[in-house]
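This report concerns only the one structure given below.
The values are calculated or read from the model by the stated rules, or taken from the named source; none is laboratory data. Since the structure is predicted, the reported quantities are computational estimates derived from the model, not experimental observations. Methodologically, a virtual Cβ is constructed for each residue, glycine included, from the backbone with ideal geometry; neighbour enumeration extends over all protein chains shown. SASA here: full protein model, heavy atoms, side chains in, ligands and nucleic acids out. Shrake-Rupley method; radii C 1.70, N 1.55, O 1.52, S 1.80 Å.
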Amino acid sequence: MNLIEVKNLSYSYDGKINVLDDVSFVVEAGKYISIIGHNGSGKSTIAKLLTCLLEPKSGSIVAFGLKANRKNAREIRSHTGIVFQNPDNQFIGSTVRDDIAFGLENRQVKHEDMEGIIQEFASKVNMSEYLDKEPENLSGGQKQRVAIAGILAMKPDVVIFDEATSMLDPKGRNEIHETIKFMRKENPNLTLISITHDLEEAFASDHIIVLNKGKVSFEGSPKEVLQHRKELEEIGLDLPFKEKLVSLLNEKGFSLSSDESLERIVGKICQ
Amino acid sequence: MSIKFNQVYYTYSPKTPFENEALKNINFEIKEGSFTCLVGHTGCGKSTLIQHLNGLLVPSSGEVVVDDYVNTKKNRKMRRKLRDLRKKVGLVFQFSENQLFEETVEDDIAFGPQNFGVKKEDAKLIAKETLKLVGLDESFLKKSPFDLSGGEKRRVAIAGVLALKPDVLVLDEPTAGLDPKGTKELLAMVKNLNDSGKTIILVTHDINIVYEYADNVIVMDNGEVVKIATPSELFSENVEKYSLETPMIQKVTNMCFAKGLKLDINKIKNLESLVDEIAKVRSK
Amino acid sequence: MAKITLGRYVPYDSFIHRMDPRNKIFCLIALMVAVFISYSTWELTFIVGGLLALFVIVLLIVSHISFKQLFGSLKPLWFMIIILLVINCLIPPRGESPIAFSIGSFNVYWNSIFQSLKIILRLVLMISLSMILTATTKPLDLTYALEWYLTPLKIIKFPAHEVAMTISIALRFIPTILTEVERIMKAQSSRGVDFKHGKISTKMKAIISLIIPLFISAFQRSEELADAMEARGYDPKQKRTRYHKLSFHILDIFAFLLCSGLLGATIIMSHYDFTFFTPSFLPWFVVSTLFIVIYCLLVGIIESRVVS
């Protein structure tokens with residue numbers, strides 16, 4: 001089932017340069033999709049369009065059977081959660097507790113039910129011990145996890161990560177990767193859209209859409225996308241280490257395959 | 001122009017409930033012209049440490065010696081000398097694009113030198129030269145810094161510090177938030193500056209940067225320096241105890257060693273040189 | 001930042017911490033008014049002042065505010081207090097007054113000394129009271145209370161909820177922005193800016209180099225924050241439920257009555273100097289008390305309808 005259908009979508013902020021140019025793709029329910037591209041490739045604009053923070057100028061987005069526009073914004077947002085890039089600027093409550101409650105208040109969840117929901121979702125992202133902490137006493141990774149909890153508590157069908165790890169240190173990044181893994185395991189029906197410039201991160205997903213200068217360059221499973229090694233490098237995206245190693249070694253006359261584990265590859269080198 | 005930390009301690013908000021000892025007994029020396037990486041996880045005291053280098057912070061006890069300037073509690077009143085120090089040690093903060101404020105790139109870069117008494121016209125000349133150093137062409141001079149892309153903004157901000165012609169350039173996480181291409185270009189630029197003689201101190205989380213660029217690594221944990229070594233020395237041991245990862249290149253090198261492939265570790269800096277070395281040893 | 005002690009919330013579990021913030025604001029105002037009431041004789045002024053001071057000391061102890069902390073926040077005021085004392089002593093008082101002592105040919109009158117003492121007493125009490133409020137109440141709870149007091153103004157389309165939300169977000173971002181100020185100042189200092197010394201023109205430039213980046217980042221922050229809020233379903237026009245419910249307990253009623261009583265008593269004493277109630281004053285007092293009570297009740301009713 002297609003949860004979201006994007007058709008011939010173009011968008012321009014100033015009416016001159018199209019940051020998105022005739023973009024089409026579909027998002028199937030329960031899949032983990034990555035949209036990758038370098039900074040300025042228009043990928044964050046897609047996130048804003050999908051959450052109705054912007055309205056399509058030409059082309060269309062149909063999400064959950066609704067056309068994305070101002071009128072349907074409320075309904076579409078009730079299905080969609082988004083984690084933004086900057087951990088500080090999406091922390092709205094004065095404590096972890098209040099921040100998770102913020103979305104619930106908007107959803108008019110009953111006061112009596114809130115405490116239980118907050119506890120439940122804080123524990124899902126391992127933040128139960130920090131419920132009364134203020135944002136200035138939390139690390140970037142912890143703040144992002146709180147944002148995730150706040151979003152999951154609203155029971156969305158789709159969660160979008162808009163470069164949610166790019167401002168974090170390696171530890172914070174790992175925390176978010178672990179959280180994503182957990183989310184998928186816990187609720188296989190949850191659809192994830194990750195917008196990133198980290199190919200390594202994108203390779204954990206089911207389907208990758210590569211954006212360049214506002215256009216979809218190519219898309220497919222991680223394996224299929226890897227066929228376009230040269231293009232990926234030209235766009236300025238960093239191939240995962242193993243891929244780079246294998247391709248460089250093959251240039252030197254080895255015949256290795258990146259499907260194998262690193263140990264086996266090294267074993268073959270050393271034979 | 002050497003840098004020396006002697007038994008440096010630093011405590012935030014001493015004698016309050018918020019007291020926090022951020023640096024404990026820091027001792028090390030950095031040689032002129034070297035490329036030093038400072039690593040450690042968030043909150044280990046890296047940012048506190050680098051602020052001692054240009055006198056933004058004064059040690060609670062101990063001393064930081066930069067050339068002929070001694071940054072110590074006793075010396076804190078020497079304003080004139082402090083200005084000399086600020087000129088010698090350029091400090092580029094994290095997300096440095098946030099410090100841009102002038103109408104044009106030219107004015108923004110020329111701002112620093114003018115604070116040190118350089119005339120406006122001369123400062124503009126310096127701006128022009130410095131812009132080249134960070135890999136941007138002259139067409140940027142008259143642009144507004146706020147119309148640039150993230151990577152370009154950061155270069156302009158670095159140029160704003162370089163315009164003071166410092167001997168030492170300290171960069172705090174200069175690649176944070178940049179995409180892989182931007183990161184590579186920025187590091188190449190820093191490497192160039194290092195080759196032209198500037199001492200570089202780079203704070204980073206990215207062990208691959210450390211592996212590829214650093215002459216020396218200072219590892220910090222919980223306010224203390226726990227290890228000073230060259231990258232190959234550092235990563236040849238198990239670095240997990242410093243809560244660092246082992247770079248993939250080192251992992252492959254280690255695996256090769258284990259399988260009996262004798263690689264010359266000193267020749268390996270990045271993936272390309274690793275592959276070259278493997279090909280060379282294998283062809284023998 | 002750690003230096004700011006005045007107005008900082010100090011977490012602790014005390015009776016005053018648990019009090020309803022709405023009630024706390026009411027009691028604070030009542031006590032402040034009580035402190036500022038004048039009496040016709042000095043004896044009465046200092047007896048009542050002393051009693052109120054005693055009461056405030058008890059409150060300070062109950063709410064676990066150390067006197068060290070209190071004196072810390074009074075520190076910036078010492079200078080003002082001394083100046084006040086000197087000036088007051090220099091100006092001869094109106095009316096007759098015995099001379100306390102003389103310096104050369106200059107006379108210092110008892111009235112002047114009493115006057116200064118009165119001002120100091122009021123100042124210290126006022127600061128202590130506001131400190132009790134801010135130290136025992138989370139800033140967010142204060143905004144909730146403020147919103148509650150502003151609810152009746154919704155009738156004239158005053159955006160009470162928006163105002164309260166804005167204040168609470170401002171409070172949330174104060175530490176973030178202070179860190180940012182510090183970082184930009186350090187970054188500019190590294191470029192040779194001297195924020196402390198120099199001519200006015202260079203100082204102006206220094207301030208510009210701080211203010212502009214600060215504004216730019218604040219605008220960006222607010223944009224991103226607005227996006228985040230909207231994406232999480234926030235709509236100021238829409239009904240929202242409340243995670244924090246303010247609740248009025250038995251102890252609150254007791255505090256309410258105590259503080260209103262204290263205020264009433266001081267007013268009466270001031271007006272009549274211990275002479276007896278006269279019919280002309282009593283209605284005024286009763287009406288004003290009734291008004292406050294009815295107002296609070298009304299707001300409570302409106303509020304419960306708006307929120308539920």
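Percent of accessible area on the protein assembly as shown owned by carbon and sulfur, 1.4 Å probe?
On the way: 23890 of 41220 Å².
Solvent-exposed carbon and sulfur of the protein assembly as shown make up 58 percent of the total.
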ask   = Any idea how far apart C:VAL58 and A:GLU75 come out in nm if each label point goes 7 Å out from Cα toward Cβ?
value = 6.2
Spin-label proximity, C:ILE177 to the stretch C:186-229 - amide N less than 12 Å from point 7 Å beyond Cα toward beta carbon = C:214-222
Summed side-chain charge close to C:ARG221 - residues other than C:ARG221 whose Cβ falls under 13 Å, Lys, Arg +1, Asp, Glu -1 = -4
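For the protein assembly as shown, what is the percent of antiparallel DSSP beta bridges, rounded to the nearest 5? Don't skip to the answer; put the middle values down first.
Values: 43 of 78 bridges.
Percent antiparallel among DSSP bridges in the protein assembly as shown is about 55.
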message = Can you return the aspartates and glutamates within cross-link range of B:LYS143? Criterion is Cα-Cα under 14 Å, with same-chain partners fewer than 8 residues away left out.
response = B:GLU102, B:GLU103, B:GLU106, B:ASP107, B:ASP108, B:GLU152
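Going by accessible area, probe 1.4 Å, with all protein chains left in place, what is the ranking of A:VAL19, B:VAL217, largest first?
Details: A:VAL19 40, B:VAL217 0 Å².
Order by accessible area, largest first: A:VAL19, B:VAL217.
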query = Can you pull the Kirkwood radius for the stretch B:3-246, inverse mean 1/r over Cα pairs, to one decimal in Å?
reply = 18.6
ask   = Can you list the residues of the stretch B:240-255 that have at least 40 square angstrom less accessible area with all protein chains present than in their chain by itself, probe 1.4 Å?
value = B:MET248, B:VAL252, B:MET255
ask   = Between A:GLN85, A:GLN144, A:GLN227, which gets the highest mean-square fluctuation from a Gaussian network model of chain A, Cα cutoff 10 Å?
value = A:GLN227
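Note down the magnitude of the dipole of the stretch A:2-222 about its Cα centre, charges +1 on Lys and Arg C-beta and -1 on Asp and Glu C-beta and zero elsewhere, to the nearest 20 debye.
Numbers: 26 positive and 31 negative charges, 152 e Å.
Here the stretch A:2-222 has a charge dipole of around 740 debye.
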ask   = How far apart, in nm, are the 7 Å Cα→Cβ label points at A:GLU263 and A:ALA204?
value = 2.2
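With a 1.4 Å probe and all protein chains left in place, how much accessible area per residue does the protein assembly as shown have, in Å²? Numbers along the way, then the final one.
Numbers: 41220 Å² over 863 residues.
For the protein assembly as shown, the per-residue accessible area is 48 Å².
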inquiry  = Test of understanding: what is the full-extension gain from C:LYS239 to C:GLU43, defined as 0.36 nm times their sequence separation minus their Cα-Cα distance?
reply    = 65.0 nm
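Could you work out the longest stretch of chain C that avoids the trypsin sites (Lys or Arg not before Pro) located in DSSP loops with at most 10 other Cβ atoms within 10 Å? Numbers along the way, then the final one.
Values: sites that count: C:LYS3, C:ARG94, C:LYS157, C:LYS196, C:LYS199, C:LYS237.
Here the longest segment lacking exposed loop sites spans C:4-93.
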query = At 222 nm, what helix-only mean residue ellipticity would chain C give, in deg cm²/dmol to the nearest 500, using -39500 (n - 2.57) for each DSSP H run of four or more?
reply = -24500 deg cm²/dmol
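Using a 1.4 angstrom probe with every protein chain in place, what is the largest-first accessible-area order of B:THR130, B:THR230?
Largest to smallest exposure gives the sequence B:THR230, B:THR130.
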ask   = What whole number of Å gives the distance from the Cα centroid of the stretch C:184-225 to the Cα centroid of the stretch A:1-76?
value = 38
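Out of the stretch C:181-224, which chymotrypsin sites (Phe, Trp or Tyr not before Pro) are coil in DSSP terms and have no more than 16 other C-beta atoms within 10 Å? Before the final figure, lay out the partial values.
Numbers: sites: C:PHE195, C:PHE215, C:PHE219; in loops: C:PHE195.
Within the stretch C:181-224, the qualifying chymotrypsin sites (Phe, Trp or Tyr not before Pro) (loop, at most 16 other Cβ atoms within 10 Å) are C:PHE195.
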message = Using helices alone, I'd like the mean residue ellipticity at 222 nm for chain A: each DSSP H run of four-plus residues gives -39500 (n - 2.57), total over residue count, nearest 500.
response = -11000 deg cm²/dmol
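Mind scanning B:LYS15/C:LYS68; B:LYS251/B:LYS280; B:LYS124/C:LYS205; A:LYS230/A:LYS268 and naming the pairs with a C-alpha gap bigger than 21 Å? Intermediate values should be presented prior to the final figure.
Working: B:LYS15/C:LYS68 13 Å; B:LYS251/B:LYS280 19 Å; B:LYS124/C:LYS205 17 Å; A:LYS230/A:LYS268 25 Å.
From B:LYS15/C:LYS68; B:LYS251/B:LYS280; B:LYS124/C:LYS205; A:LYS230/A:LYS268, over 21 Å: A:LYS230/A:LYS268.
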ask   = Counting every Cα pair in the stretch B:121-243, what percent are over 19 Å apart?
value = 53
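Summed for both chains, how many Å² of accessible area, to the nearest 100, are buried between C and B with a 1.4 Å probe? Working shown, then result.
Numbers: alone 20020 and 14560 Å², together 32520 Å².
Between C and B, the summed buried area is about 2100 Å².
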query = Label 7 Å along Cα→Cβ of B:LYS269; the stretch B:160-194 residues with amide nitrogen under 18 Å?
reply = B:183-194
message = Report the Cα-based extents of the stretch A:2-222 along its three principal axes, largest first, to the nearest Å.
response = 46, 38, 34
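What's the average, rounded to a whole number, of partner chain beta-carbon atoms within 10 Å of each residue's beta-carbon in A:97-106?
Working: counts 2, 6, 2, 1, 4, 7, 5, 5, 9, 10.
For this peptide, the per-residue mean of nearby foreign Cβ atoms is 5.
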task = Measure off 7 Å from each Cα along the Cα-to-Cβ vector at C:HIS249 and A:HIS177, then give the distance between these two points in nanometres to one decimal.
result = 4.8
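Evaluate peptide A:244-253: per residue, the Cβ atoms of other protein chains within 10 Å of its Cβ; return the mean as an integer.
On the way: counts 4, 7, 1, 1, 7, 6, 1, 2, 7, 3.
Taking all residues of A:244-253 together, the mean is 4.
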request  = Ratio to report: Rg/Rh of the protein assembly as shown, with Cα atoms as the point set and Rh obtained by the Kirkwood method; give two decimals.
outcome  = 1.03
ask   = Taking springs between alpha-carbon atoms closer than 10 angstrom, which of C:PHE46, C:PHE15, C:PHE79 fluctuates most in the Gaussian network model of chain C?
value = C:PHE79
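If the only charges are +1 at each Lys and Arg Cβ and -1 at each Asp and Glu Cβ, what is the size of the charge dipole of the stretch C:1-136 around the Cα centre, to the nearest 20 debye?
400
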query = C:LYS154: which aspartates and glutamates have alpha carbons under 16 Å from its alpha carbon, excluding same-chain residues fewer than 8 sequence positions away?
reply = C:GLU162, C:GLU303
ask   = Among the aspartates and glutamates, which have Cα under 15 Å from the Cα of A:LYS71 when same-chain residues fewer than 8 positions away are ignored?
value = A:GLU55, C:GLU230, C:ASP235
